[in-house]
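Visitor: Questions regarding the structure given below will be posed in turn.
The values are calculated or read from the model by the stated rules, or taken from the named source; none is laboratory data. These numbers come from a predicted model, not from an experiment. Here the Cβ positions follow ideal geometry from the backbone for every residue, glycine too, while neighbour counts run over all protein chains shown. The protein model used for the area step is the full one, side chains on, heavy atoms only, and it has no ligands, DNA or RNA in it. Shrake-Rupley method; radii C 1.70, N 1.55, O 1.52, S 1.80 Å.
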Amino acid sequence: VTFLWSTGAGTPGITIVQPGTYTVTVTNEFCSYSDTSTFSYYPHVGVELGDDMDYCYTPSVNLAPQIDNATIYNWSNGAITNNITVIASDEYFITVSNGSCIAVDSVTYNLYFEPIVFFTDDTVRFCRDEDVTLKPEVTSALPVEYLWNDQSGYEELTTNQIGLYWADVKNEHCAMRDTIIVEMYPDLKVTLGEDIRICEGQSTVLRPMTSEPVSSFKWQDESTGSTFSTSESGTYAVSITNGICKAADQINV
């Protein structure tokens, strides 16, 4: 037999690259017979998951691919919906199909939850002429860098100034910031008054005047009364505390 195709080819079979109707005529020394068939493409099936993504402090992310001409979905985590909720770092695969053709894509999502940074107190206080040290609690499996509001980069900050302070802590993936308020305790002061003179053989009682209620007194001789009586010349001193801050003064008699 001989073959004659509608494309002009004379081979027993042809390879087609375009949709259309194709006819072949087969002839032997006596007869000829023809047949026709129409070929068409399935619609293009496509899927696109986008770029790999990193997320900081995000508990879940919706992963919704762009899909063309597909109705069947199979994810690497077993889901069969057209989108999934990502709650863990991983590489995710999807295979989509229209029942005849398939397309495949993959993407990596990383969900980071460190460093964790927080001050144990919202507010700290200091006494006059003293300092307070600020140091946040930090959790990170990776090395971190610090940045304070004064642009320093130490793990802790010492100050004697009131105000709002923040510490920014970052590792190679994420950064977290926490703030703290620094206040000063009410100013604690004590005075014994001006130097005094008494006549020989007389006595005087020293009475400290304080700016705030106090819990204890201590004099130069280690006595702890709220007043001190003396009949001798000398320099007398008292220190006080309210359980938080301290103050002191002295007087010449």
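Visitor: Does residue 193 meet the test of being farther than 30 Å from residue 52 by Cα, in contact (Cβ under 8 Å) with a residue 40 or more places away in the chain and among the small types (Gly, Ala, Ser)?
Guide: Spelling it out, residue 193 is indeed farther than 30 Å from residue 52 by Cα, in contact (Cβ under 8 Å) with a residue 40 or more places away in the chain and among the small types (Gly, Ala, Ser).
Visitor: OK, next. Looking at 205, 238, 214, which is the one that is in a strand (DSSP E or B), closer than 24 Å to residue 127 by Cβ and of a type in the set (Val, Ile, Thr)?
Guide: Being in a strand (DSSP E or B), closer than 24 Å to residue 127 by Cβ and of a type in the set (Val, Ile, Thr) holds for just one of 205, 238, 214, which is 238.
Visitor: What pairs can you find where one residue is in region 26-41 and under 13 Å from residue 5 (Cα atoms) and of a type outside the set (A, V, I, L, M, F, W, C), the other is assigned to a loop (DSSP other than H, G, I, E, B) and open to solvent by 80 Å² or more (accessible area, probe 1.4 Å), and their Cβ atoms are less than 8 Å apart, with a gap of 6+ or different chains?
Guide: Taking only residues 6 or more apart or on different chains, the pairs are 27/1.
Visitor: Could you run through region 130-149 and say how many residues are surrounded by 14 or more Cβ atoms within 10 Å (Cβ to Cβ) and either modelled with pLDDT under 95 or among the polar types (S, T, N, Q) (or both)?
Guide: Residues in region 130-149 being surrounded by 14 or more Cβ atoms within 10 Å (Cβ to Cβ) and either modelled with pLDDT under 95 or among the polar types (S, T, N, Q) (or both): 2 in total.
Visitor: Continuing with this model, one more query. So if I check each of 172, 194, which one is more than 26 Å from residue 127 (Cα to Cα), out of contact with any Ser or Thr (no Cβ under 6 Å at 6 or more places or on another chain), open to solvent by 80 Å² or more (accessible area, probe 1.4 Å) and of a type in the set (D, E, K, R)?
Guide: Of 172, 194, the one residue that is more than 26 Å from residue 127 (Cα to Cα), out of contact with any Ser or Thr (no Cβ under 6 Å at 6 or more places or on another chain), open to solvent by 80 Å² or more (accessible area, probe 1.4 Å) and of a type in the set (D, E, K, R) is 172.
Visitor: Hey, another quick one. For region 54-85, what are the residues that are touching a Leu at 6+ places or on another chain (Cβ under 9 Å), part of a strand (DSSP E or B) and either open to solvent by 70 Å² or more (accessible area, probe 1.4 Å) or closer than 30 Å to residue 169 by Cα (or both)?
Guide: Within region 54-85, 54, 55, 56, 61, 63, 66, 85 meet the criteria.
Visitor: Still on this structure: Can you pull out the residues in region 119-129 that are at pLDDT 95 or above and exposed (fewer than 14 other Cβ atoms within 10 Å of the Cβ)?
Guide: Scanning region 119-129 gives 120, 121, 122, 123.
Visitor: Taking region 17-52 only, how many residues are surrounded by 11 or more Cβ atoms within 10 Å (Cβ to Cβ), outside any loop (DSSP other than H, G, I, E, B) and β-branched (Val, Ile, Thr)?
Guide: Final tally of qualifying residues: 6.
Visitor: Next up: How do the pairs read when you match residues in region 100-119 that are over 15 Å from residue 45 (Cα atoms) with residues anywhere that are among the small types (Gly, Ala, Ser) and not in a loop (DSSP other than H, G, I, E, B), using Cβ under 7 Å and keeping only pairs 6 or more apart or on different chains?
Guide: From residues that are over 15 Å from residue 45 (Cα atoms), the pairs are 117/167.
Visitor: Whether any residue in region 177-189 is assigned to a loop (DSSP other than H, G, I, E, B), touching a residue at least 12 places away in the same chain (Cβ under 8 Å), open to solvent by less than 40 Å² (accessible area, probe 1.4 Å) and under 30 Å from residue 138 (Cβ atoms) is what I want to check.
Guide: no
Visitor: Now, a different point. In this structure, does residue 249 turn out to be touching a residue at least 12 places away in the same chain (Cβ under 8 Å), in a strand (DSSP E or B) and in contact with a strand residue (DSSP E or B) (Cβ under 7 Å, 6 or more places away or on another chain)?
Guide: When the stated conditions are applied, residue 249 passes them.
Visitor: Turning to a different aspect of this structure: Going through region 212-253 one residue at a time, which ones are within 18 Å of residue 185 (Cβ to Cβ) and open to solvent by less than 80 Å² (accessible area, probe 1.4 Å)?
Guide: Hits for region 212-253 are 212, 214, 216, 239, 240, 241, 242, 243, 245, 247, 248.
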